[in-house]
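The values are calculated or read from the model by the stated rules, or taken from the named source; none is laboratory data. These figures come from a predicted structure and were not determined experimentally. In this analysis, Cβ positions are derived from the backbone assuming ideal geometry, glycine residues included, and neighbour counts consider all displayed protein chains. Quick note on the areas: whole protein, heavy atoms, side chains included, nothing else; ligands and nucleic acids left out. Shrake-Rupley method; radii C 1.70, N 1.55, O 1.52, S 1.80 Å.
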Amino acid sequence: GTWVMSTTADWSAYTKATFKIVPGAYLQIATGTTTTIPRMDENGFHKRFTLVGTGTIRFGRNAVSRVVPQWWGMDSAATAAVKSVALQAAFDSVGTYPSIPIHIPGITVGSITPYQINTAITKTSADWIRVTGDGSGSWLEWQGANYATMLSLTGAGSGNASVDSVRFDCNNKATTGLQMKGFGHGISVTKS
């Protein structure tokens with residue numbers, strides 16, 4: 001069932017508690033609220049979170065080894081709008097250094113098809129931003145308005161950013177697939 005979180009909750013002090021969200025159970029985070037999870041059993045790519053408005057999930061330090069947008073409903077069958085919301089929610093969930101990587105799993109069912117998105121994804125952080133993928137199957141394809149940037153990573157301090165093994169397809173519409181700016185130290189794009 002759906003478990004509604006209607007007020008802000010920070011459970012990060014409960015370092016020995018592990019959230020296990022089984023298939024068919026969802027945390028619904030209400031508008032304007034934030035729920036911080038200390039640790040989560042990350043087995044499986046099933047949907048775990050339902051967002052209402054601007055609610056946010058945050059993961060505490062060492063809560064998970066990586067964040068996948070599938071936990072918010074991004075899958076190959078979802079609409080571009082659902083995939084965009086899920087991907088943005090994944091980026092919003094990570095805190096500051098040491099940053100938890102956002103992982104975009106490759107699609108391996110049948111022929112490889114992209115995760116289509118139609119809203120620009122943005123992340124600003126004072127510290128390390130990491131995005132990882134599984135190679136050509138971790139493929140983001142733009143379906144939104146012309147002259148947009150698909151993914152914009154901005155450093156607010158002296159942080160670093162890295163993107164590894166993710167494919168960006170501007171689909172002859174987006175002007176930029178990946179924009180990285182304002183980082184005081186290193187920027188790394190690998191296996192592009």
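Pick from Thr54, Thr50, Thr35: which is open to solvent by less than 20 Å² (accessible area, probe 1.4 Å) and over 13 Å from the mean Cα position of the chain (by Cα)?
On the way: Thr54 fails: open to solvent by less than 20 Å² (accessible area, probe 1.4 Å); Thr50 fails: open to solvent by less than 20 Å² (accessible area, probe 1.4 Å).
Criteria check complete, one pass: Thr35.
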Original post:
Looking at Ser188, is it at pLDDT 85 or above, over 22 Å from Thr113 (Cβ atoms), in contact with a Ser or Thr (Cβ under 8 Å, 6 or more places away or on another chain) and surrounded by fewer than 18 Cβ atoms within 10 Å (Cβ to Cβ)?
Top reply: no
Subject >> In segment 78-92, the residues that are surrounded by fewer than 19 Cβ atoms within 10 Å (Cβ to Cβ) and touching a residue at least 40 places away in the same chain (Cβ under 8 Å) >> reply: Ala80
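Would you check if there is a residue in segment 7-19 being in contact with a helix residue (DSSP H, G or I) (Cβ under 9 Å, 6 or more places away or on another chain) and either within 19 Å of Ile102 (Cβ to Cβ) or surrounded by fewer than 17 Cβ atoms within 10 Å (Cβ to Cβ) (or both)?
no
Hey, which of the strands (runs of 3 or more DSSP E) in segment 1-109, taking only ones fully inside, have at least 1 residues that are within 19 Å of Glu141 (Cβ to Cβ) and among the β-branched types (Val, Ile, Thr)?
Numbers: elements: 2-5, 26-29, 34-37, 49-51, 56-59, 102-104.
Of the strands (runs of 3 or more DSSP E) lying wholly inside segment 1-109, those with at least 1 residues that are within 19 Å of Glu141 (Cβ to Cβ) and among the β-branched types (Val, Ile, Thr) span 102-104.
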Original post:
Do the conditions hold for Gly60, that is, is it crowded, with 19+ Cβ neighbours inside 10 Å and modelled with pLDDT under 90?
Top reply: yes
**OP:** Output the qualifying pairs, or none if there are none: Cβ atoms under 8 angstrom, residues six or more apart or on different chains, first residue in segment 9-31 and more than 23 Å from Thr54 (Cα to Cα) and among the aromatic types (Phe, Trp, Tyr), second residue surrounded by 13 or more Cβ atoms within 10 Å (Cβ to Cβ) and at pLDDT 90 or above.
**Re:** Tyr14/Pro38
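Please work out if Ser162 is open to solvent by 10 Å² or more (accessible area, probe 1.4 Å), assigned to a strand (DSSP E or B) and modelled with pLDDT under 90.
Details: open to solvent by 10 Å² or more (accessible area, probe 1.4 Å): yes; assigned to a strand (DSSP E or B): yes; modelled with pLDDT under 90: yes.
Yes, satisfied.
Look through Thr96, Thr113, Thr132, Thr176 and report the one residue that is at pLDDT below 90 and within 20 Å of Phe45 (Cα to Cα).
On the way: Thr96 fails: within 20 Å of Phe45 (Cα to Cα); Thr132 fails: at pLDDT below 90; Thr176 fails: within 20 Å of Phe45 (Cα to Cα).
That would be Thr113, the only listed residue that is at pLDDT below 90 and within 20 Å of Phe45 (Cα to Cα).
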